[in-house]
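Accompanying notes for the structure given below.
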Amino acid sequence: MSLLLLTGLALCFAAAISDLWRGTIPNALTYPVIALSPLLHFGLALYSGEPWRAAFLQGALSLLGILACGVVPYFMWRKQAIGGGDVKLFAAIGGLLLPQCGFEAELYVFVCASLVAPAQLAYQGKLLRTVWNIGQQAVNLVRPAARRTPLAPAAMTWFRLGPCFVLGFLVELVLHWRAS
């Protein structure tokens, strides 16, 4: 598993660099990992002496990790909360680490994002205005439709999630290695 963790860390580093420089996480980075992860797990299980049935189970778990770790980010993408490259990277990590470790890594990425985003907003001088907008949207949930305050598109802010993948994945790597 440590080889897969290191591969995932390298994937996250490459995605973070691309996200910071170009604003995208390329398909050429995520699609091969998504496609090859089930085969990799199948092959690693056979190589370690596991029977065919266990090898197929490892491949199936990898497919489950792809789907399970990609479903919540997919719905976030549909609501334009994250980018499509982020969704594919979450799915790739799920396929590489299988569902349990994939979910853990996903959680750590989101925790890192929840810590980095306010710091970035404060640095940009947008934190208080963003908190105000969040409060207005929360109040809108209980207001009648005619009295709701619309949120101007200019009030929205975008955040590069790529570096948070590296930080979250490092947390997963350290915790997983300490546990074994």
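The values are calculated or read from the model by the stated rules, or taken from the named source; none is laboratory data. All of these numbers come straight from a predicted model, not from anything done at the bench. Neighbour counts run over all protein chains shown; Cβ positions are idealised from the backbone, glycine included.
What helices (runs of 4 or more DSSP H) completely inside segment 1-80 contain at least 2 residues that are among the charged types (D, E, K, R), out of contact with any Gly (no Cβ under 8 Å at 6 or more places or on another chain) and free of Cβ contacts under 8 Å to residues at least 24 places away in the same chain? Don't jump to the end; show me each part of the working.
Working: elements: 2-22, 27-47, 52-78.
Hits in segment 1-80: 52-78.
Using beta carbons and a limit of 9 Å, which pairs, at least six apart or on different chains, have the first residue in segment 115-127 and without any contact (Cβ under 8 Å) to a residue 24 or more places away in the chain and the second one of a type in the set (A, V, I, L, M, F, W, C) and surrounded by 11 or more Cβ atoms within 10 Å (Cβ to Cβ)?
Close Cβ pairs (under 9 Å, with a partner that is of a type in the set (A, V, I, L, M, F, W, C) and surrounded by 11 or more Cβ atoms within 10 Å (Cβ to Cβ)) amount to LEU115/CYS164; LEU115/LEU167; PRO118/LEU127; PRO118/VAL131; ALA119/LEU127; LEU127/LEU121.
Scanning segment 54-99 for residues that are modelled with pLDDT under 95 and among the charged types (D, E, K, R), which turns out surrounded by the most Cβ atoms within 10 Å (Cβ to Cβ)?
Ranking the candidates gives ARG78 first.
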